[in-house]
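The values are calculated or read from the model by the stated rules, or taken from the named source; none is laboratory data. Just so it is clear, the structure is predicted and the values come from calculations on it, not from any experiment. Counting neighbours? That spans all protein chains shown, and the Cβs are built from the backbone with ideal geometry, glycine included.
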Amino acid sequence: MIDSHCHLDYEPLFDNLDQILIRSKKIGIEKLLTICTTLKSFDKIKFLVQRDEIIFGTYGIHPHEVKKNKVTTKLIIDEINKNKKIIGIGETGLDFYYNHSDKKDQINSFINHIKASINLKIPLIIHSRNAETETFEVLNQFKNENLKILMHCFTGSKKFAENMLNLNAFFSASGIITFKNSIDLQETFKGLPLEKLLIETDSPYLAPEPNRGKKNEPSYIDFTAAKLGEIKDISKSEVVKITTNNFNKLFFE
């Protein structure tokens with residue numbers, strides 16, 4: 001089992017890493033991908049990937065953070081080339097729900113991340129909120145560049161999912177699919193191809209039922225895997241096998 005998106009540099013995970021790892025391994029997690037959001041975040045991630053063989057990391061700036069964290073395509077490439085356990089770019093993308101960063105700045109940062117991904121031939125971990133049209137339009141400019149795309153914590157519309165499938169994207173299911181009010185999202189995942197699905201916690205956020213309201217952690221991915229199996233009408237063990245294979249295909253082939 002693989003948690004394709006967590007934030008081990010955030011509290012309370014960082015200060016409790018030993019116990020987090022024990023509980024993760026106990027349920028069969030074989031890889032944790034800890035996601036970068038700021039320049040400061042990456043300082044911790046460089047430390048984390050050396051702490052345990054199952055921890056891998058990414059480099060990138062969250063769309064909320066681009067105002068205070070400027071990166072160029074060259075900087076992204078250079079930082080990733082220094083560490084073999086940094087295997088993805090992000091989390092990047094567009095978020096127009098809040099006004100933490102200017103739309104133009106977000107788009108420019110997003111493009112810098114995309115160009116780095118093309119150069120390095122590694123996946124983009126994409127955050128998209130209230131920006132479905134713009135996210136697709138930006139990515140579609142690079143549709144002939146064999147992009148590797150992972151739509152993190154996907155909560156988008158069926159139409160957005162269809163558009164992203166045309167770009168060969170993968171989609172990650174978070175604990176949100178376990179929420180009682182997520183019927184539309186469950187229907188969307190029901191229609192997505194199994195070979196395009198991953199699972200994640202986005203911990204310490206978005207704890208799944210029955211732990212909703214608690215601080216999330218990677219071991220809680222078990223509940224998300226079980227719910228995805230229910231949605232797709234397959235066993236949890238089959239979900240684990242398929243999503244693990246999909247992760248390894250996306251990040252290591």
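Quick notes on this structure:
- Test: residue in region 81-95 that is assigned to a helix (DSSP H, G or I) and β-branched (Val, Ile, Thr): no
- Region 167-181 residues that are of a type in the set (Lys, Arg), paired with ones that are modelled with pLDDT of 95 or more (beta carbon under 9 Å, 6 or more apart): Lys180/Glu209
- Pairs linking a residue in region 48-63 that is in contact (Cβ under 8 Å) with a residue 24 or more places away in the chain and more than 14 Å from Lys31 (Cβ to Cβ) to a residue that is part of a loop (DSSP other than H, G, I, E, B) and of a type in the set (A, V, I, L, M, F, W, C), with Cβ atoms under 7 Å and 6 or more positions apart or on different chains, are Tyr59/Cys36; Gly60/Cys36; Ile61/Val71.
- Flag for Thr133 being farther than 27 Å from Gln50 by Cα, free of Cβ contacts under 8 Å to residues at least 60 places away in the same chain, of a type in the set (Ser, Thr, Tyr) and surrounded by 23 or more Cβ atoms within 10 Å (Cβ to Cβ): no
- Residues located in region 26-70, provided they are part of a helix (DSSP H, G or I) and hydroxyl-bearing (Ser, Thr, Tyr): Ser41
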